[in-house]
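To start, the structure itself, in structure tokens.
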Amino acid sequence: MTALTRNDSPLAPATTAHPTLAERYQALLAGTSSDTHHWLAEQLAMACELADDLPDSLDQLHAWSARHAAQVAADYAHYLEQRAQGAPRQYFTHRAQALWFLQQVAPTKAVDGAWLFSALRHWQDPRFHGLIRTYLEELGDGDPRCNHVLIYQRLLSRLGCLEPVSLDDACYLQGTLQLALGACGDDYLPEVIGYNLGYEQPPLHLLITTYELAELGIDGHYFQLHVTIDNAASGHANKAISALQQLCPREGRELFYQRVRHGYRLNDLGTDTPTLISRFNLDAQLLAALEHKRLFGQFMHADRCRLQQRTVNQWLAEPGALPAFLQALQAQGWIKRGMDPAQSRWWSLIEGPSAPMFGVFDAYEKQLWHDWIANGWQAPLRRVPPGSWEAALGQEPPPATRKQSMNIDTLIAQMAGNRHALPDGLQATRTYLHVTGLAQEGPH
């Protein structure tokens, strides 16, 4: 699931009485948030001041969705035509920018589908089955190879970016909204339906992201998966419209749809994907990483190594000296910018199992160094077909299903937030499918 393009919107500052978004996000994951209804009402009050592109009538939703899909397809075809004519990538200038983006959106990807959690309790009402089916597909029906949260975690792990990083509080907004809607869904059903409607319409940025990640040697299966599963013909985008039409009451129809539109606008809170990506600054990111390392490395180097008459320890002991330190590395010939980083002595010190500084920089930090040294130099592209890693995982048999005697409430509790991605949650998902009779049969 991927949200429609969002615009910047103000965030209420955190105070001692109001937790930060990161704190609220963690509290919702742990099930300890106490004022979720009030906070969600505040977010809806901001969202209702925004405009939307929904049609005035529910009967026009399928046509609206088809027009949206057609426009995205046309825009993507234009993008591909430009690239074929030699235009550069629109989003990711280099691999470090892509890794940065993947970490920025990790809090949202870690709770994929969470806004639909409350629908699980209505498994006996067929009108909810479209929402439940969408949620279960986000959970991969309990198969660890298909669980969306696990797919994203595996991606970060392969890239060496699994460990949490310090993020701006705004990075937690959409994930917090999704958890809050999941926790309060019975009281905010129209808003949940509206949010789901907006989040499930495949946007242009999803297609471009998938294409450019593959160019950079990054498996974009997670993003490719959402291009296919959210399709407007028979996928989640279509199910979102059907769920709205089935659950909209005959009495109070206009008020219900108005609340749906408010929920839809929640997708517009926060920062849209292209804007977020454009905020990456390679020089600033490298200097920030070095400043963090400086505190740990200022006494760890031998004095025999000098740059412009200063020891490395002296360089690292002085706050604000790192830009000059980078210049000194270049002046002394340790770094040759604009060339293959392998040609720089500095790169040989930090990359490889026998490098003297092996382990000092993590995968993302080394990518920052690599792309900063390269400074426009590019190795031949090595496109990775989306899903190549996941296809390899698919060769392994899924875990055996264990018999359990849990009641339905216990099963549902283990499918909340992102607990469904843990072994017990995966098992609970499979048992839920069996108990409720909602497991889908394959072709036979």
Original post:
In segment 100-135, which residue that is outside any helix (DSSP H, G or I) and touching a helix residue (DSSP H, G or I) at 6+ places or on another chain (Cβ under 7 Å) is surrounded by the most Cβ atoms within 10 Å (Cβ to Cβ)?
Top reply: Val111
Subject >> Test: Pro10 is modelled with pLDDT of 95 or more, assigned to a loop (DSSP other than H, G, I, E, B) and not aliphatic (A, V, I, L, M) >> reply: no
Original post:
Does any residue in segment 161-179 that is in the same structural domain as Asp272 (by TED's automatic domain parsing) come within less than 6 Å, Cβ to Cβ, of a residue that is crowded, with 22+ Cβ neighbours inside 10 Å and part of a loop (DSSP other than H, G, I, E, B) six or more places away or on a different chain, and which pairs are these?
Top reply: Leu173/Gly270; Gln174/Gly270; Gly175/Val111; Gln178/Val111; Leu179/Val111
Subject >> Residue list for segment 259-299, restricted to those being among the charged types (D, E, K, R), over 24 Å from Gly175 (Cβ atoms) and at pLDDT 95 or above >> reply: Asp283
Original post:
When only residues in segment 242-283 that are part of a loop (DSSP other than H, G, I, E, B) and basic (Lys, Arg) count, which is nearest to Leu177 (Cα to Cα)?
Top reply: Arg279
Original post:
Out of segment 337-386, which residues are small (Gly, Ala, Ser) and without any contact (Cβ under 8 Å) to a residue 60 or more places away in the chain?
Top reply: Gly338, Ala342, Ser344, Ser348, Gly352, Ser354, Ala355, Gly359, Gly376, Ala379
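The values are calculated or read from the model by the stated rules, or taken from the named source; none is laboratory data. Not measured: the values here are computed from a predicted model. Cβ: placed from backbone, ideal geometry, glycine included. Neighbour counts: every protein chain shown.
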